[in-house]
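The values are calculated or read from the model by the stated rules, or taken from the named source; none is laboratory data. Because the structure is predicted, anything quoted here is derived from the model rather than measured. We place every Cβ from the backbone using ideal geometry, glycine too, and count neighbours over all the protein chains shown. Areas reflect the complete protein model, heavy atoms only, side chains present, ligands, DNA and RNA absent. Shrake-Rupley method; radii C 1.70, N 1.55, O 1.52, S 1.80 Å.
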Amino acid sequence: MTIKTTAPGRVNLIGEHTDYNQGWVMPVAIDLKLEVRLIPRPDRLFIATVPGFDQLQSYNIDSLRPVQGQPDWIDYLKAVCWALGKNGYRLKGAEVTITSEIPIGVGLSSSAALELAVAGALNKALNLNIDLPQLALICQQAENEYVGVRCGIMDQYAIALCRAGQALLLDCLTLDYQHIPFILGQYSLLIVNSRVERSLSASDYNQRHNECEEAVQLIGKYLGKPFNSLREINLEDLKKAEEYLPRLYYRRSRYIIEENARVLAAAGALDKHDLVSFGLLLKRSHAGLRDLYAVSCPELDLIVDTAVADQDVLGARMTGAGFGGCAIVLLKQSAVDRVSAAVDEAFVRNGWLRPDFYLTAAAVGLKVECE
Ligand code: GLA
């Protein structure tokens, strides 16, 4: 028996760095995808290969130790096996072949796609009967505790649960979610890959996470009431704590509080088919990520600035963790070539690597089939 799973990458429309602050996010799955073919083995050995990319790698599922340092692709498979084991599921070995069109390390969630594709295949092959939200949580745990990235739940939930033509509005506190029609009509969603690679395990991401936690502690201390997360703090509270709070923590907190409000406004705009307001929110989100949260970079800013200078662009912003990776642009279909050429020229003028462009619809999440 061969199990075939297909997992897409994702872009986040809005709600960046809010997931680990217990806020709201609104990603879509994209047309670029990864496939896993898995054949179970009777023993405890995992043998995996990515044809054309790397040689065969193997491991025994009884000898897994969390990653120290930079993870390799095989570590994401190990992480999933480890997390399933930790959650009490009895595993067996398998032969796994992976093929992927999702570029690695550019913020399109190739690693979460790999986790979900492997977890989904094991779930089916071994009849583990894990539902999709739970599978996503196990994959997040794999990444947090085995790979060592303190990521939130957005990527795993998006990949597990997204539907074609719809965005996923997810409340990362309660894990309630809603599918919101993402109907583009004469508009398109363009992904621009800055080709600035930045690994998520890089300390910057975890550092933002820590800064937010410290800010919550300090604001709670000054206001004399404990908070669990920035989700529980409003702008008024923040204003009261402002004079006591180090500037950096003020900026991080303000961005998160404002971004949460933008996600809900953006969902409302999509509900009303108001793409103009939606686009404005994308622009504000980028400004906050650049000026307050400090996770953009010159390449992403140039993509956004060049794109929004065109009259047929409704909005643009960096997407994903930042520090490189991709931006999204919401624009008239008829403007795609013109805007792509303008961004490309701007990069060439700066002497940077030329960006890559992908058009995407809101795609379907994880698919599991028996062959
Ligand atoms: C990465 C993480 C997500 C989320 C985003 C930023 O993609 O995996 O959990 O924090 O960055 O919004």
Worksheet item: Here are ALA79, ALA94: which of them is outside the structural domain of GLY268 (by TED's automatic domain parsing), more than 14 Å from the ligand (Cβ to nearest atom) and modelled with pLDDT of 95 or more?
Response: ALA94
Response to the item:
Only one of LEU190, LEU169 is within 18 Å of the chain's Cα centre (by Cα), modelled with pLDDT of 95 or more and within 24 Å of GLU143 (Cα to Cα), namely LEU169
Fill in: Filter result (small (Gly, Ala, Ser) and either under 20 Å from the mean Cα position of the chain (by Cα) or closer than 15 Å to LEU122 by Cα (or both)) within region 59-102
ALA79, ALA83, GLY85, GLY88, GLY93, ALA94, SER100
Discussion item. Residues that are in contact (Cβ under 8 Å) with a residue 12 or more places away in the chain, at negative phi and open to solvent by 30 Å² or more (accessible area, probe 1.4 Å), at least 2 per element: which helices (runs of 4 or more DSSP H) completely within region 139-248 meet that?
Written reply: 203-223, 235-241
Worksheet entry | Unmet criterion (only one of (1) within 23 Å of ILE30 (Cα to Cα); (2) open to solvent by 20 Å² or more (accessible area, probe 1.4 Å); (3) touching a residue at least 40 places away in the same chain (Cβ under 8 Å)) for GLU259 | (2)
Item to complete: State all residues of region 1-32 that are open to solvent by 10 Å² or more (accessible area, probe 1.4 Å), more than 10 Å from the ligand (Cβ to nearest atom) and either closer than 19 Å to MET318 by Cβ or assigned to a loop (DSSP other than H, G, I, E, B) (or both); if no residue qualifies, say none.
Response: MET1, THR2, GLN22, TRP24, LEU32
Discussion item. On the basis of being under 29 Å from ALA167 (Cβ atoms) and touching a helix residue (DSSP H, G or I) at 6+ places or on another chain (Cβ under 7 Å), does ALA261 make the cut?
Written reply: no
Discussion item. Checking the structure you have, find out if any residue of region 82-95 is open to solvent by 60 Å² or more (accessible area, probe 1.4 Å), more than 17 Å from THR6 (Cβ to Cβ) and touching a His at 6+ places or on another chain (Cβ under 7 Å).
Written reply: no
Discussion item. Being under 25 Å from ILE130 (Cβ atoms) and either in contact with a Leu (Cβ under 9 Å, 6 or more places away or on another chain) or within 16 Å of the ligand (Cβ to nearest atom) (or both): is that true of ARG44 here?
Written reply: yes
Item to complete: Inspect region 328-339 for any residue being modelled with pLDDT of 95 or more and within 16 Å of the ligand (Cβ to nearest atom) and give the result as yes or no.
Response: yes
Discussion item. For region 297-305, check the following and say yes or no: at least one residue is closer than 26 Å to GLN186 by Cβ, open to solvent by 30 Å² or more (accessible area, probe 1.4 Å), not small (Gly, Ala, Ser) and not in a helix (DSSP H, G or I).
Written reply: no
Worksheet item: Which residues, counting only those in region 97-138, are open to solvent by 20 Å² or more (accessible area, probe 1.4 Å), away from the ligand (no atom under 16 Å from the Cβ) and under 20 Å from VAL28 (Cβ atoms)?
Response: SER100, GLU101, LEU132
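The rows are residues; the columns are (1) in a helix (DSSP H, G or I); (2) open to solvent by 10 Å² or more (accessible area, probe 1.4 Å); (3) within 22 Å of TYR205 (Cβ to Cβ); (4) touching a His at 6+ places or on another chain (Cβ under 6 Å).
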| residue | (1), (2), (3), (4) |
| --- | --- |
| ALA307 | yes, no, no, no |
| ALA327 | no, no, yes, no |
| TYR358 | no, yes, no, no |
| GLU369 | no, yes, no, no |
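If a residue has to be of a type in the set (A, V, I, L, M, F, W, C) and either at pLDDT below 95 or not assigned by TED's automatic domain parsing to the domain that holds ASP291 (or both) to count, how many in region 224-256 make the cut?
0
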